[in-house]
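Note sheet for the following structure.
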Amino acid sequence: MTTNNSHHEFAALILAATSGNRMYPVASSSHPKHLLPVVGISLLIRLLNALVDSGFSRCVIALANEDKESHSEIKDADGMRQTSGNRFLLRDSLAVVLHYLPSDCAGSFAALKSVEDAACIPASSHIVVLPGDIFITDTSALKKLANSHREGCTNGVETCCTMLLVEVGEEDMNGNPLKESAKAKKNSLSRDDDQIEYIGLSMSNSSDSLPRVVWKQSKLDAEEDVNMVGSTPKLNFPKPRLLSAGITRIRTDWHDVHVYCFSPWVRKLCSARPSLLSIEGDLIPLLIETQFRGIQFAFGSNEDAMEIYRKSFPLAKDTRDAIKLEHEFAVRTCIIPGTQAMRACTLPAYLMACRELLSLTVSDETVKKKHLFLPEGARINSKFHSVLLTNVELGEKAQIKHSFVDSGTKLGSKCKLNNVVIMKNATLGDNVILQNAVIGESCVIGENSSLSYVRVAHGKSIPPGTKEKGDLSMD
């Protein structure tokens, strides 16, 4: 992506103010989820480097008011230079600004409003909003998003928002779609029911590179059995949103990773729509619903909102019929393969992000990319796709597959690890078996223990002989 560094055509906003309830207890208010390590380097630092590799020149990070860990994490990052208190420069390319949200800030839209009120980003910039737990394996994903948004703003109906969707559907050997439970069994990216959505895209033809998002509803809401009679759910799709000539497709295997590119005027809605709380839950549905009706409908009808609208569009006519014709806008998307970008917000997704990087490090060409670098002194086992950092002590006949072991960890004899992340200074006794697990810093796992699909809190001691299996939080 080519950006105009002097005017910041595109600026990034990383929302990193939530602790990560789905990853509790390894993620919490004292250990924010964006600082979880992906093979020794935190999600946040990898994301910042991905922005550099994508051509961005400015980034604002919205942090919780009580977050005391992120500042030092950013300050100590390789290639980072502090220019003032909360301002940094990464690799002499990316200006990074830390913005601490007020303690009463609730929701991603409120975070966006706080950043807007602080004038952290030039008013003329298109803003790319990213969650702090996003893991980018291929920077062409962000380049494609920016290029699609740029093209949409100059081609036909102007684009107000371009969202990044990833293809997460998989098929069995017979070509039948795999259920989420089947994907979980094979350690693929599986989603909980509340993460699945029906998404409708309209396009002029099957090769349309700029499809419009015309419908978006959670699977739980769409299939809710209100009368509890067990009837087959019916999708209530708004017919006016169907193109008179074209194709409309509705699928559940497109996954919204909450990466959005907004045009400058959308940022004005922070003042016009102060009651909105969530970007994903409130702003995006508003834009999808009003895109065919006109920009004025997105701003609302109260006097304060209308005044903001008139200042934003001084040449707009007074009648809503004229506004509808002259200022229709579009919510568009670009779709990428599911391995190029993923939210590391659940145990399966986090383990998959780590596993994906482990497999990529086998390629010399891949590890040259800064956002996929390994920490200094890392030992790579290409055969078993595993990485061990410095000062790791291995007992006799220890077996490690598709796993990452952080520095200072001690593994007893005959330990078996498969698809596991072990953080710093953990201790495992003899004959410990771990599978699909995340072990926090300074944990002690007693001998002859067997843990599967668990998250173990930092500093936790597990008694010898413990047997646990399931999506458990051991705190």
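List of remarks:
- Against the criterion of solvent-accessible heavy-atom surface with a 1.4 angstrom probe, Lys311, Lys414, Lys401 sort, most first, into Lys311, Lys414, Lys401.
- Cα-based reach from Lys186 at 16 Å (exclusive), listing lysines while leaving out same-chain residues under 8 positions away: Lys401
- Exposure of Thr427 as accessible area (Å², to 10), given a probe of 1.4 Å and all protein chains: 50 Å²
- Protein accessible area in the chain, 1.4 Å probe - carbon and sulfur %: 47 percent
- Cα shape, the stretch 23-106, gyration tensor, a/c 1.5 rule: oblate
- Taking all protein chains into account, the per residue accessible area for the chain stands at 45 Å² (1.4 Å probe).
- Under 5 Å, built H, 5+ apart or other chain: amide partners of Glu197: Lys219
- Partner lysines for Lys144 [C-alpha distance under 20 Å; skip if fewer than 8 residues away on the same chain]: Lys369, Lys370
- 5 angstrom amide H check on Lys416, placed H, neighbours 5+ away: Gln399, Val432, Ile433, Leu434
- Residue-by-residue Karplus 3J(HN,Hα) for the stretch 63-75, coefficients 6.51, -1.76, 1.60, Hz, glycine and proline x: 10, 5, 4, 8, 6, 9, 8, 5, 4, 5, 4, 6, 4
- Loop-resident sites, the stretch 130-193, for trypsin sites (Lys or Arg not before Pro), counting at most 12 other Cβ within 10 Å (DSSP): Lys179, Lys186
- Under 5 Å between amide hydrogens, built in the peptide plane, is the criterion, and for Val38 it picks out Leu43 among residues at least 5 positions away or on other chains.
- Cross-link check: pairs Lys424/Lys469; Lys268/Lys311; Lys113/Lys216; Lys185/Lys410; Lys68/Lys143 evaluated at a Cα-Cα cut-off of 20 Å; pairs beyond the cut-off: Lys424/Lys469; Lys113/Lys216; Lys185/Lys410; Lys68/Lys143.
- Counting only DSSP H runs of at least 4 residues, each contributing -39500 (n - 2.57), and dividing by the residue count of the chain, the helix-based mean residue ellipticity at 222 nm comes to -6000 deg cm²/dmol.
- Counting only heavy atoms of the protein chains and using a 1.4 Å probe, Phe109 has close to 0 Å² of accessible surface.
The values are calculated or read from the model by the stated rules, or taken from the named source; none is laboratory data. In this text the structure is predicted, and so the values were computed from the model without any measurement. Glycine gets a Cβ as well: all are built from the backbone with ideal geometry, and neighbour counts include every protein chain shown. Side chains included, ligands, DNA and RNA excluded: accessible areas come from the protein's heavy atoms. Shrake-Rupley method; radii C 1.70, N 1.55, O 1.52, S 1.80 Å.
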